[in-house]
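S.K.: Have a look at the structure that comes next, please.
The values are calculated or read from the model by the stated rules, or taken from the named source; none is laboratory data. Remember, predicted model here, so these are calculated numbers, not experimental data. Neighbour counts run over all protein chains shown; Cβ positions are idealised from the backbone, glycine included. Accessible surface areas use protein heavy atoms only, side chains included; no ligands, DNA or RNA. Shrake-Rupley method; radii C 1.70, N 1.55, O 1.52, S 1.80 Å.
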Amino acid sequence: MTTTATRSSDPGMVPLASVDEMRGRLRRKNKLKGRQPDHVSLEEVQALIGPGPHRRDLLIEYLHLLNDAWNGLHDRHLVALARELKLSMAEVFEVATFYHHFEILRGDEQPASLTVRVCDGLSCEMSGAQDLLARLPSLLGADVRVIPAPCVGRCEQAPVAIVGQAPVVHARAADVQAAVDAGSARHALPRDDGAFDAGAAGTAPITSAPHEVAPAYVGYDAYRQGGGYQLAAGVTSGQVVAADVLKAMTDSGLRGLGGAGFPAGRKWGIVMQQPAPRVMAVNIDEGEPGTFKDRTYLERDPHRFLEGLLIAAAVVGTGACYIYLRDEYHGCRAILERELARLKADPPCTLPHIELRRGAGAYICGEESAMIESIEGKRGEPRMRPPYIAQIGLFGRPTLEHNFETLYWVRDIVQRGPAWFSGPGRNGRHGLRSFSVSGRVREPGVKLAPAGISVRELVDEYCGGMLPGHDLYAYLPGGASGGILPASLADLPLDFDTLQPHGCFIGSAAVIVLSQHDKARDAAMNMMKFFEHESCGQCTPCRVGTSKAAALMAEPLWDHGTLEDLNQVMVDASICGLGQAAPNPVRCVQKYFPHEVS
């Protein structure tokens, strides 16, 4: 055997290192690279997330636990969390920095003792949100952080401030200060002895100028006593034929009520044709400005939705269901956590696996593929299509994706018959629509009305008319994305496919009413700032286009040529509907309100 000494004495060979040097290199190589967690931080993280094993897809849930416990995300905790999940620091930080409700704290930086978020959505801005934002910092002091927030889904109660997790509705500065002084930073848990049946009432105002933030709801026992879950049990056991349920859904004409309007029965049929295992993802992100219908139904009648979920799961054959709820709905989350526990403790039928997931403040997660990315514990960035999520969706499986309200009506449609849902209608349209109405009306709220009703009829018959001293000037038929129409078009039927010829669409039926005291250009500006803030940044047309458009729209006179160039690029080249719809309010102002911008 040739020894090291012999090789090193060979003039043709050069030694790279001694044996001891090589051993030292190996020891250094085997050590972990990058910043290492300290023992205290590891123990603090483990105390919150448990001993493991830990799931990668629950990263956002773990971040919420840390954020709630420490009023922010200390970077030392993120280092420890990365170690526990066996992830790189980059993976944890890129997720934590994507969502608005996570605050990264560097080094010894300390969080504010309390955060107050003031909604600056259009309805709240029209009701004085900017004045609140200006006055509250000096009133509340340096220990309280006051920040603007995009629409929080309480437009009928504008203006709204969120003190910690507790809403202050119809808020005045004194109201917010009183809530802060009282330490009221948690959403009240409502009673479970409420009575509510929207379907039995037919077309009617569901809420009218409400002040409640925690209305009593129909709990598990009361829902069962009223015949709840009998249909789900029948479908699951086979006593109710799944094909009959699917036919009822198809015959009812029910279309997706999150905004896209895809026929629900047809969607079930498409997913049923895909190979098992299949999963379901339920979208309760409801971030479209002006929209609050899902919250209204959920906080009053959660089990009607859950039964619809069970029926859909049994018919389509999905073994696991993931419910994605926007983080602003703290009261709804408490209700669902309580009622899901009761449902699982006393199941009326065989249940699929059900998980409740918590959003973290990102409007883009209302887009179905971005929501799926978020459920998987990633940044909420839309996926390129094809493949569509019905084929390859959540965790790579065929996925049935539904909005909350779509599932909410399933029980009523099957039990009352498809004609019950499709029968109402005006102006040649058919079906029921839940309109979220806010702005300059006497009685804002959710209105269950016939499809095809006009905004003039909706305001007069369901909202008590316009506020005193206000006349209808303009309206947004579908939230931020749906465009802006003038009062001269207030007799158009509000429904899927009726507004596109006028450059608008109904979307989630979020109707915001403007009067002669408002300007359409200000509404469009509010919406473009919202899109700029909420763009995920993945594609340049949306990321840069919304920012450039907002800057141009701030000018007294608009540069129409440059704006239209931006509009066309965003429509043609954006990956998802956010960038594609962002130009709608701009184009409507240019078309219907040129006197405001020329």
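S.K.: Residue by residue through the range 402-417, which ³J(HN,Hα) values in whole Hz follow from phi under the Karplus form 6.51 cos²θ - 1.76 cosθ + 1.60 (θ = phi - 60°), with glycine and proline marked x?
M.R.: 9, 6, 3, 5, 4, 6, 4, 8, 4, 4, 4, 5, 6, 7, 8, x
S.K.: Here is a follow-up. Run the numbers for residue 565 and residue 68: contour at 0.36 nm per residue of separation, minus the present Cα-Cα distance, in nm.
M.R.: 174.5 nm
S.K.: Can you run phi through the Karplus equation (6.51, -1.76, 1.60; θ = phi - 60°) for the range 305-312 and list ³J(HN,Hα) in whole Hz, with x for Gly and Pro?
M.R.: Result, rounded to whole Hz: 5, 5, 5, x, 4, 5, 5, 4.
S.K.: Rounded if a/c is under 1.5, else prolate if a/b is larger than b/c, else oblate: which is the range 81-240, with a ≥ b ≥ c the root eigenvalues of its Cα gyration tensor? Write down the numbers at each step before the final one.
M.R.: Working: a/c = 2.48, a/b = 1.34, b/c = 1.84.
Verdict is oblate for the range 81-240.
S.K.: May I ask you to order 297-304, 218-225, 95-102 by the average number of other C-beta atoms within 10 Å around their residues, highest value first? The partial results should precede the final answer.
M.R.: Values: 297-304: 23.8, 218-225: 17.6, 95-102: 19.1.
Listed from highest to lowest mean packing, they are 297-304, 95-102, 218-225.
S.K.: Additional query: Evaluate E = 1/(1 + (r/R0)^6) for residue 244 and residue 224, where r is the Cβ-Cβ distance and R0 equals 22 Å; express this FRET efficiency to the nearest 0.05.
M.R.: Working: r = 23 Å, r/R0 = 1.06.
Efficiency, rounded to the nearest 0.05: 0.40.
S.K.: Now for a separate question. Note down the relative contact order for the range 480-598 as a percent, whole number, built from C-alpha pairs under 8 angstrom at least six residues apart.
M.R.: On the way: 141 pairs, mean separation 41.1, N = 119.
Relative contact order for the range 480-598 comes out at 35 percent.
S.K.: Give me the percent of accessible area attributable to carbon and sulfur for the range 68-128, probe 1.4 angstrom. Before the final figure, lay out each step's value.
M.R.: Details: 1120 of 2490 Å².
Of the solvent-accessible surface of the range 68-128, carbon and sulfur hold 45 percent.
S.K.: Given R₀ = 51 Å, what would the calculated FRET efficiency be for residue 61 paired with residue 497, taking r from the Cβ atoms and rounding to 0.05?
M.R.: Working: r = 39 Å, r/R0 = 0.76.
About 0.85, to the nearest 0.05.
S.K.: Short version: what are the Cα gyration tensor semi-axes of the range 195-287, square root of 5 times each eigenvalue, largest first, in whole Å? Intermediate results must be reported in sequence, preceding the final value.
M.R.: Details: eigenvalues 157, 79, 43 Å².
Over the Cα atoms of the range 195-287, the ellipsoid semi-axes are 28, 20, 15 Å.
S.K.: Would you kindly give the portion of the calculated P(r) for the range 491-581 that falls above 20 Å, as a percent of all Cα pairs? Don't skip to the answer; put the middle values down first.
M.R.: Working: 1790 of 4095 pairs.
Roughly 44 percent, rounded to a whole number.
S.K.: So what are the ³J(HN,Hα) numbers for the range 86-100, from phi and the Karplus equation (6.51, -1.76, 1.60; θ = phi - 60°), rounded to whole Hz, Gly and Pro as x?
M.R.: Using θ = phi - 60°, the values come out as 6, 10, 6, 4, 4, 5, 6, 5, 5, 6, 4, 7, 7, 9, 5 Hz.
S.K.: Rounded to the nearest 500 deg cm²/dmol, what is the calculated helix-only ellipticity per residue at 222 nm for the chain, with -39500 (n - 2.57) per DSSP H run of length n ≥ 4?
M.R.: The helix contribution divided over the chain gives -12000 deg cm²/dmol.
S.K.: So what is the relative contact order for the chain, in percent, with contacts set as C-alpha pairs under 8 Å and at least six apart? Mind dumping the intermediate values first?
M.R.: Numbers: 1151 pairs, mean separation 74.4, N = 598.
Across the chain, relative contact order equals 12 percent.
S.K.: Okay, moving on. Which of [x] 29.8; [y] 28.2; [z] 35.4 is the computed mean projected area of the Cα convex hull in nm² for the structure on display?
M.R.: Read-out taken from this structure: [z].
S.K.: Rounded to the nearest 20 Debye, what is the dipole magnitude of the chain about its Cα centre when Lys and Arg each give +1 and Asp and Glu each give -1 at the C-beta?
M.R.: Numbers: 60 positive and 69 negative charges, 319 e Å.
The dipole of the chain has a size of about 1540 debye.
S.K.: What number comes out for accessible area per residue over the range 320-413 if the probe is 1.4 Å? Units Å², please. Intermediate values should be presented prior to the final figure.
M.R.: Working: 2820 Å² over 94 residues.
Value returned for the range 320-413: 30 Å² of accessible area per residue.
S.K.: What number does the range 225-269 give for Rg over Rh if you use C-alpha atoms and the Kirkwood radius?
M.R.: Numbers: Rg = 12.4 Å, Rh = 11.6 Å.
For the range 225-269, the value is 1.07.
S.K.: Please report, as a whole percent, how much of the solvent-accessible surface of the range 292-376 comes from carbon and sulfur atoms (probe radius 1.4 Å).
M.R.: Working: 820 of 1770 Å².
Using a 1.4 Å probe with all protein chains present, the range 292-376 comes out at 46 percent carbon and sulfur.
S.K.: For residue 439, which sequence-distant residues (separation of 5 or more, or a different chain) have an amide H within less than 5 Å of its own amide H, given hydrogens modelled in the peptide plane?
M.R.: Those qualifying (amide H under 5 Å, at least 5 residues apart or on another chain) are 513.
S.K.: Provide the gained length on full extension for the span residue 395 to residue 131, in nm with one decimal, where the gain is 0.36 nm per separating residue minus the Cα-Cα distance. Spell out each step's value before the answer.
M.R.: Numbers: separation 264, 0.36 × 264 = 95.04 nm, distance 4.53 nm.
Full-extension gain reported as 90.5 nm.
S.K.: So for each of 279-289, 324-334, 260-270, 467-477 I average, over its residues, the number of other beta carbons within 10 Å; can you give me the resulting order with the highest mean first? Can you show the working numbers first?
M.R.: On the way: 279-289: 26.5, 324-334: 23.2, 260-270: 18.0, 467-477: 19.6.
Those peptides, ordered most packed to least, come out 279-289, 324-334, 467-477, 260-270.
S.K.: Moving on to the next point. List the relative contact order of the range 139-253 as a percent without decimals, with contacts defined as Cα pairs under 8 Å and 6+ residues apart.
M.R.: About 18 percent, as a whole number.
S.K.: Report in % the part of the accessible area of the range 451-598 that belongs to carbon and sulfur, leaving out ligands and nucleic acids; probe 1.4 Å.
M.R.: Numbers: 2910 of 5320 Å².
Using a 1.4 Å probe with all protein chains present, the range 451-598 comes out at 55 percent carbon and sulfur.
S.K.: Now for a different question. Amide H to amide H under 5 Å from residue 473: which residues, 5+ apart in sequence or cross-chain, H placed 1.01 Å off N in plane?
M.R.: Counting only residues 5 or more places away or on other chains, the set is 514, 515, 516.
S.K.: Averaging over every viewing direction, what projected area does the convex hull of the Cα atoms of the range 206-251 cover, in nm²? Write out the running numbers ahead of the final one.
M.R.: Working: hull surface 21.6 nm².
About 5.4 nm², averaged over all directions.
S.K.: Taking the Cα atoms of the range 286-373, what is the range of coordinates along each of the three principal axes, in descending order and whole Å?
M.R.: 37, 27, 18
S.K.: Using r as the Cβ-Cβ distance of residue 543 and residue 385, and R0 as 25 Å, what FRET efficiency do you calculate, to the nearest 0.05? Could the numbers behind the result be given before it?
M.R.: On the way: r = 19 Å, r/R0 = 0.78.
The computed FRET efficiency comes out at 0.80.
S.K.: Further, regarding this structure: Tell me, in nm to one decimal, what length is gained between residue 91 and residue 188 on full extension, where the rule is 0.36 nm per residue of separation less the Cα-Cα distance? Could you put the intermediate results ahead of the total?
M.R.: Values: separation 97, 0.36 × 97 = 34.92 nm, distance 3.50 nm.
Between residue 91 and residue 188, full extension yields an extra 31.4 nm.
S.K.: Could you rank the peptides 232-240, 585-593 by their average count of other C-beta atoms within 10 Å per residue, with the highest value first?
M.R.: Working: 232-240: 17.6, 585-593: 22.2.
The most tightly packed comes first, giving 585-593, 232-240.
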